[in-house]
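The values are calculated or read from the model by the stated rules, or taken from the named source; none is laboratory data. Worth saying up front: this structure is predicted, and the values here are computed from it rather than measured. We place every Cβ from the backbone using ideal geometry, glycine too, and count neighbours over all the protein chains shown.
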Amino acid sequence: MAHVLSLRVLLSAETNKSSFSSKSLKLDKRTKTSISAPRKGNLNPSHKTQKVNLEISPHRAVSAVRLMRIEMGGAFADLLNEKGKGSGANEMGYVGRTLGFRTRDLEDRDLRLVTDIVGGTIRWKRYLDHLISSLCHDANTFTRMEPLLLQILRIGFYEIIKLEMPPYAVVDENVRLAKVALRHGAGNMVNAILRKLVLHMENSSLPLPKLEGDDRTQARALATLHSHPVWMVRRWTKHLGQEEAIRLMMWNNSDPSFSLRANSGKGVSRADLVTKLDVLKVPHELSFYLNDFVRMKTGLQMVIQAGLLKEGLCSVQDESAGLVVSVVDPQPGESIVDCCAAPGGKTLYMASLLSGQGMVHAVDINEGRLRILKETAKLHQVDGVITTIHADIRTFSDNNTMKCDRVLLDAPCSGLGVLSKRADLRWNRKLEDMEQLKNLQDELLDAASLLVKPGGVLVYSTCSIDPEENEERIAAFLLRHPDFCIDPIGRYVPPDFVTEHGFYFSNPVKHFLDGAFAARLSRAI
Ligand SMILES: C[S@@+](CC[C@H](N)C(=O)[O-])C[C@H]1O[C@@H](n2cnc3c(N)ncnc32)[C@H](O)[C@@H]1O
């Protein structure tokens, strides 16, 4: 189970630096329904028998229930599935409990569709809801729509507009799902609204906002057209300009690609990994930037099912995160503190570069995630050079005289650089979070700096593209700590990633990687 967990957390945490707060999925009124105990009156009583309904397409039933779970319960918007626990097989149980019937089991193709539909429907939620509400009979119909009905409509709209599935088949299938899972009238409503959509599609007359008017109006239009929160659009338009902001949103809405890191700590070379991928017929290409990394657009399910992660042969790690480790540049024999280490993506990579000599002290406030790090370190055979410390780095550094060669602070952040992988993050993140995060980042930087020995190096990194969490934090830190100065990172990463101030920045739009930032600071001797 450890590998499943670690994989989930690796993806979500490596990509989601949101762990500064508990998952605060704010529910609107429409979502306050239990999904495991469906409401009486909502469902046809005959469904309580949990029969297998062969007429309902499994991927739609599972997608609808998974979307309900994510929106109501804050479940992960998993980009991955694995057969077994927490996966498709298990999800049929949720379908049974929520809808009152099961469908036939999911095949691999269904599972891929579920991943696609769930991820896409979440990403495109604002856009889809705009269209659904525009095509409803009146405004109240949309605002009062029951949660499951709304999910079924979102799925239908997504399938027709974005997946370009044959429209009338989509209408029929979703109508059937609404009738069986809810009631006859719900099916009629799905039928009417989806048919209106098909007509608009045929006449190229989708009721979408035009990009015109003042800045605010344009931001709202862009937010709908590219399905992002308005505050993000306004922020990016201000920082990047409208054209670049649009490109960024298009990237966030595209299918994410993944990278694998061959686990050299266990003696697995990239060539070994490539051989395995060739056998599995998983299309891949070598990373341009990192020797141990391989990039892939599809086929992650096959890698998982073949057990490559479970056996510790490789890890899922974005190259943008790998390049942060290049900025740290760990050398055999050194002592390193990883201040916010769990679930361990960077710790494990740094440990694998120590060739068995030196130590990475992995500190994290979250005990569960730290446990995952420890288990993965064993699996990857780098546990000999990792010690885990369960602590708040702020109290740890206050009460400890430890001084190390290198200190990495991979800070909790907004995760605005990884929205392509974390489909739901854009809807969970609020503008107010930014202020809170900046204060936390300043405190953590102050704490981390206490652990750097004279002449040592402090690396601050985030998976955010927001200057307030990146350059501005460093500028403020340097004012508070004149004994530190910027060590330009040109020697450690390809020139393309070096900013004018000597920082590392991976720009999704330019590099086709997750967004990430790192500053390397040296402490005076
Ligand atoms: C961005 S994630 C780290 C990802 C990790 N570096 C990796 O590469 O897998 C941020 C981590 O900071 C931890 N964290 C947040 N506040 C902390 C604190 N005050 N002290 C130590 N760890 C903290 C969270 O528990 C979370 O695991």
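Would you confirm whether any residue within segment 430-449 is more than 26 Å from Pro330 (Cα to Cα) and among the polar types (S, T, N, Q)? Yes, some residue in segment 430-449 is more than 26 Å from Pro330 (Cα to Cα) and among the polar types (S, T, N, Q). Selection of segment 265-300 for residues being crowded, with 19+ Cβ neighbours inside 10 Å and among the polar types (S, T, N, Q) yields only Ser287.
This table checks each residue for (1) part of a loop (DSSP other than H, G, I, E, B); (2) touching a Gly at 6+ places or on another chain (Cβ under 7 Å); (3) modelled with pLDDT of 95 or more.
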{"site": "Val324", "(1), (2), (3)": "no, no, yes"}
{"site": "Gly333", "(1), (2), (3)": "yes, yes, yes"}
{"site": "Tyr349", "(1), (2), (3)": "no, yes, yes"}
{"site": "Ala362", "(1), (2), (3)": "no, yes, yes"}
{"site": "Leu370", "(1), (2), (3)": "no, no, yes"}
{"site": "Thr376", "(1), (2), (3)": "no, yes, yes"}
{"site": "Asn400", "(1), (2), (3)": "yes, no, no"}
{"site": "Pro412", "(1), (2), (3)": "yes, no, yes"}
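Cβ-Cβ distance below 6 Å, separation of 6 or more or different chains: which pairs start in segment 269-289 with a residue that is assigned to a helix (DSSP H, G or I) and end on one that is surrounded by fewer than 16 Cβ atoms within 10 Å (Cβ to Cβ)? Sorted first by the residue in segment 269-289, then by its partner, the pairs are Leu280/Met302.
Checking each residue in segment 194-232 for being among the acidic types (Asp, Glu) and in a loop (DSSP other than H, G, I, E, B) picks out Glu212, Asp214.
If the condition is being in contact with a Lys or Arg (Cβ under 9 Å, 6 or more places away or on another chain), part of a helix (DSSP H, G or I) and more than 20 Å from Cys413 (Cβ to Cβ), then segment 472-498 contributes only Asp496. Does segment 371-387 contain any residue that is within 12 Å of the ligand (Cβ to nearest atom) and more than 30 Å from Thr115 (Cβ to Cβ)? Checking segment 371-387: not a single residue is within 12 Å of the ligand (Cβ to nearest atom) and more than 30 Å from Thr115 (Cβ to Cβ).
Quick check on Val360: is it in contact with a Leu (Cβ under 9 Å, 6 or more places away or on another chain), in contact (Cβ under 8 Å) with a residue 60 or more places away in the chain and within 16 Å of the ligand (Cβ to nearest atom)?
On the way: in contact with a Leu (Cβ under 9 Å, 6 or more places away or on another chain): yes; in contact (Cβ under 8 Å) with a residue 60 or more places away in the chain: no; within 16 Å of the ligand (Cβ to nearest atom): yes.
No.
Does Ala519 fit the bill of being small (Gly, Ala, Ser) and either in a helix (DSSP H, G or I) or closer than 28 Å to Asp255 by Cβ (or both)? Here the answer is no, as Ala519 does not meet what is asked.
Could you tell me which residue of segment 388-408 is surrounded by the most Cβ atoms within 10 Å (Cβ to Cβ), considering only residues that are more than 10 Å from the ligand (Cβ to nearest atom) and within 27 Å of the chain's Cα centre (by Cα)? It would help to see each step written out before you state the result.
First, the residues of segment 388-408 that are more than 10 Å from the ligand (Cβ to nearest atom): 388, 398-407.
Subset that is within 27 Å of the chain's Cα centre (by Cα): 388, 407.
Values: Thr388: 22, Val407: 31.
The extreme case among them is Val407.
Scanning segment 206-254 for residues that are small (Gly, Ala, Ser) and crowded, with 17+ Cβ neighbours inside 10 Å yields Ala219, Ala221, Ala223, Ser227, Ala245.
Looking for something under 14 Å from Arg126 (Cβ atoms), not in a strand (DSSP E or B) and not assigned by TED's automatic domain parsing to the domain that holds Val118 - is there at least one such residue anywhere in segment 233-245? Spell out how you get there, then give the answer.
Filtering segment 233-245 for residues under 14 Å from Arg126 (Cβ atoms) gives 233.
Remaining after also requiring not in a strand (DSSP E or B): 233.
Of the ones still in play, those that are also not assigned by TED's automatic domain parsing to the domain that holds Val118 are 233.
Checked segment 233-245: at least one residue is under 14 Å from Arg126 (Cβ atoms), not in a strand (DSSP E or B) and not assigned by TED's automatic domain parsing to the domain that holds Val118.
Looking only at segment 217-248, which residues are of a type in the set (Lys, Arg) and in contact with a Phe, Trp or Tyr (Cβ under 7 Å, 6 or more places away or on another chain)? Those that are of a type in the set (Lys, Arg) and in contact with a Phe, Trp or Tyr (Cβ under 7 Å, 6 or more places away or on another chain): none in segment 217-248.
On inspection, Ser420 does not qualify as among the hydroxyl-bearing types (Ser, Thr, Tyr), outside any helix (DSSP H, G or I), in contact (Cβ under 8 Å) with a residue 40 or more places away in the chain and under 22 Å from Arg394 (Cα atoms).
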